Amino acid sequence: MQAPITIDTPVEFDDGLPESVDVTVIGAGVIGVFSALYLARLGKRVLVCEKGRVAGEQSSRNWGWIRQHGRDEAELPITRQALQLWHEADAETGGACGIKTVGISYLASSEKELARLLEWMDVAKRHDMDSYVLTQAQANGLFQKPTGHPWLGGTCTPSDAKGEPWQAVPAVARLARAEGVLIRENCAVRHLHIEAGKVKGVVTEAGAVNSEQVVLCGGAWSSLFAQQMGISLPQLSVEATVAQTQPMEAGVSGSWVDEELSMRRRDDGGYSLALADDHGYFISPDAFRHGLKFMPLLRKSWSDVQLAGISRADYPDAWAVKRKWGSNDVTPFERNRVLEPASSDRRVAKIRRRFAERFPSLGMPEIKHSWSGMIDAMPDVVPVVDQVASVPGFYLATGMSAHGFGIGPGYGRIVARMLAGLSPEHDLQRFRLSRFSDGSKLVVGPSL
Ligand SMILES: Cc1cc2nc3c(=O)[nH]c(=O)nc-3n(C[C@H](O)[C@H](O)[C@H](O)COP(=O)(O)OP(=O)(O)OC[C@H]3O[C@@H](n4cnc5c(N)ncnc54)[C@H](O)[C@@H]3O)c2cc1C
């Protein structure tokens, strides 16, 4: 299958809308799909509404890293469980997710970066991880080709894995459907149906469905959906580009990133390459609405984000986008079914140049295909996974801040248990919605 999934990908999931279900999931990215699968396994009748295509947005556009390395300490137990769940899902889908244990390495070209990487090793030790420090020789020895870059060392977690996102998430959606989940593409949820302050169902573009629980897994659209209900979710979208090379001579089997470039070897023998320090931000009203909350994060990583102009009129946080609508109005979710920013030629040229600098014997890589995706970022780089206290029956699982692919099954399991009234088996304090309004000091997670 060609990556990523786009609006031109044929509709595969077109289940009829039932009159009622136990749970409606809004959004069929990795979070929505895994939540639905595990909810069904707990005996719930589940409907997933997807405004565009299953995994059409971030969930098919990402690097495919399944990473424990560098995770926020509160997320580490969840991400470790998620890794196991990915392996299970891969087995259950006959290997369609492409999960392989390849290891992930972080390489440093400067003493300052090396010191930054080493800080996380204390967390790794506390959690008994297999992570270790790479010497200069080990860092350069990762590659089967001579390198032209002065890496000083790094850190590595051998048990980290990779998947093939555009195969994996649809494969899990098929598994969920086989276990009774209804999934409907081209079906935006316009708003919730609320009676006496409680969730009673959803109003979709194809009709209404009764359900007393609804979980919003809307990625970059979640803030807009929540806003129409008066719920403030400080989330901004950051654009990133990925380039796929043609199959090439092997340089390295694991995934790695340094200060500038990241690389993952795919099953087809090519590499997925991306810049680590060049993301785009489209200026939008949300920057002003939530700007103060993002200041600590910006101070940490301002040089990695470039202003990319004014947000396009059909982007979720554009000036022109409608913020209120009625049940019969066409909503912004229908006007942009698959959020697919154009791939940046400038970034692709930079990716090729940086690859050639690092591997002079391989030279400028041939790029088969490139694309961009819009990352939904939270001010402290950890998501919100919580019930909305003011709207009983309404839950959020969103704001995955560039690491939702790897940790997705872990949060999916948590969502399912939370909605089924079971213990989530993880401490969710760090992921509560109220942290943005209860006066707590925001603690920015490690953005490794
Ligand atoms: C370039 C790039 C590289 C990345 N690399 C990695 C990586 O290597 N490892 C990793 O772990 N993570 C990575 N990420 C992040 C990861 O892809 C995301 O965190 C994850 O996919 C988010 O999943 P999600 O289900 O929350 O959101 P999404 O995948 O964005 O899905 C949300 C879905 O909700 C739908 N939706 C929204 N509103 C509505 C509505 N009202 N009605 C119906 N449907 C709606 C959307 O159409 C969309 O399909 C990367 C992201 C990008 C863009």
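The values are calculated or read from the model by the stated rules, or taken from the named source; none is laboratory data. All of these numbers come straight from a predicted model, not from anything done at the bench. Ideal geometry is used to build each Cβ from the backbone, glycine not excepted, and the neighbour counts take in all protein chains shown. When the accessible area is computed, the model is the full protein with side chains, heavy atoms only, and any ligands, DNA or RNA have been set aside. Shrake-Rupley method; radii C 1.70, N 1.55, O 1.52, S 1.80 Å.
Among the strands (runs of 3 or more DSSP E) confined wholly to the range 177-244, which include 1 or more residues that are among the basic types (Lys, Arg) and on the phi < 0 side of the Ramachandran plot?
In the range 177-244, the matching strands (runs of 3 or more DSSP E) lie at 182-184, 189-195, 198-204.
Each row is one residue, and each column tells you yes or no for (1) surrounded by fewer than 24 Cβ atoms within 10 Å (Cβ to Cβ); (2) under 30 Å from Leu117 (Cα atoms); (3) modelled with pLDDT of 95 or more.
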site	(1), (2), (3)
Pro18	yes, no, yes
Thr24	no, no, yes
Gly27	no, no, yes
Val33	no, no, yes
Cys49	no, no, yes
Ile66	no, yes, yes
Leu83	yes, yes, yes
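With (1) over 23 Å from Ile104 (Cβ atoms); (2) outside any helix (DSSP H, G or I); (3) more than 7 Å from the ligand (Cβ to nearest atom); (4) not charged (D, E, K, R) as the list, and Ala3 as the residue in question, which single condition is left unmet?
(1)
Is at least one residue of the range 156-163 outside any loop (DSSP other than H, G, I, E, B), away from the ligand (no atom under 11 Å from the Cβ) and more than 24 Å from Gly94 (Cα to Cα)? Quick ask: steps written out before the conclusion?
So in the range 156-163, the residues outside any loop (DSSP other than H, G, I, E, B) come out as 156-157, 161-162.
Right, trim to away from the ligand (no atom under 11 Å from the Cβ) and you get 156-157.
Pick out the ones that are also more than 24 Å from Gly94 (Cα to Cα) and you get 156-157.
Checked against the condition, which is being outside any loop (DSSP other than H, G, I, E, B), away from the ligand (no atom under 11 Å from the Cβ) and more than 24 Å from Gly94 (Cα to Cα), the range 156-163 yields at least one hit.
This table checks each residue for (1) under 30 Å from Arg354 (Cα atoms); (2) at pLDDT 90 or above; (3) among the aliphatic types (A, V, I, L, M).
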site	(1), (2), (3)
Ser232	no, yes, no
Gly254	yes, no, no
Leu261	yes, yes, yes
Ala274	yes, yes, yes
Arg289	no, yes, no
Lys293	no, yes, no
Ser301	yes, no, no
Gln306	yes, no, no
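Might you check whether a residue that is loosely packed, with under 15 Cβ neighbours inside 10 Å and assigned to a helix (DSSP H, G or I) occurs anywhere in the range 266-283?
The answer is no; no qualifying residue exists.
Determine which single condition Leu117 fails, assuming it passes every other condition in (1) of a type in the set (A, V, I, L, M); (2) without any contact (Cβ under 8 Å) to a residue 12 or more places away in the chain; (3) in contact with a strand residue (DSSP E or B) (Cβ under 6 Å, 6 or more places away or on another chain).
It fails just one condition, (2).
Being over 12 Å from the mean Cα position of the chain (by Cα), near the ligand (Cβ under 6 Å from one of its atoms) and of a type in the set (D, E, K, R) is the filter here; which residues of the range 29-66 pass it?
Glu50, Lys51 - these are the residues of the range 29-66 that are over 12 Å from the mean Cα position of the chain (by Cα), near the ligand (Cβ under 6 Å from one of its atoms) and of a type in the set (D, E, K, R).
Out of Val381, Val385, report the one residue that is within 24 Å of Arg67 (Cβ to Cβ) and open to solvent by less than 10 Å² (accessible area, probe 1.4 Å).
Val385
Ala226: within 11 Å of the ligand (Cβ to nearest atom), under 26 Å from Val33 (Cβ atoms) and not hydroxyl-bearing (Ser, Thr, Tyr), yes or no? Walk me through how you get there before you give the answer.
Values: within 11 Å of the ligand (Cβ to nearest atom): yes; under 26 Å from Val33 (Cβ atoms): yes; not hydroxyl-bearing (Ser, Thr, Tyr): yes.
Spelling it out, Ala226 is indeed within 11 Å of the ligand (Cβ to nearest atom), under 26 Å from Val33 (Cβ atoms) and not hydroxyl-bearing (Ser, Thr, Tyr).
Between a first residue in the range 215-229 that is under 12 Å from Asp286 (Cβ atoms) and in contact (Cβ under 8 Å) with a residue 12 or more places away in the chain and a second residue that is near the ligand (Cβ under 10 Å from one of its atoms) and open to solvent by 20 Å² or more (accessible area, probe 1.4 Å), which pairs have beta carbons less than 7 Å apart while being 6 or more apart in sequence or on different chains?
Ala220/Glu57
From Glu185, Glu179, Glu205, grab the single residue that is touching a strand residue (DSSP E or B) at 6+ places or on another chain (Cβ under 9 Å), surrounded by fewer than 21 Cβ atoms within 10 Å (Cβ to Cβ) and among the charged types (D, E, K, R).
Glu205
Testing Trp166 on (1) out of contact with any Pro (no Cβ under 7 Å at 6 or more places or on another chain); (2) surrounded by 17 or more Cβ atoms within 10 Å (Cβ to Cβ); (3) farther than 30 Å from Leu118 by Cα, one condition comes back false. Which one is that?
(1)
Restricting the first residue to the range 333-350 and requiring it to be under 14 Å from Val238 (Cα atoms), which pairs with a second residue that is within 11 Å of the ligand (Cβ to nearest atom) and of a type in the set (S, T, N, Q) meet a Cβ separation below 6 Å and a spacing of at least six or different chains?
Pro341/Ser372; Ser343/Thr241; Ser343/Ser370; Ser343/Ser372; Ser344/Thr241
Kindly list the number of the only condition in (1) within 11 Å of the ligand (Cβ to nearest atom); (2) under 16 Å from Ile31 (Cα atoms) that fails for Trp371.
So Trp371 meets the others, but not (2).
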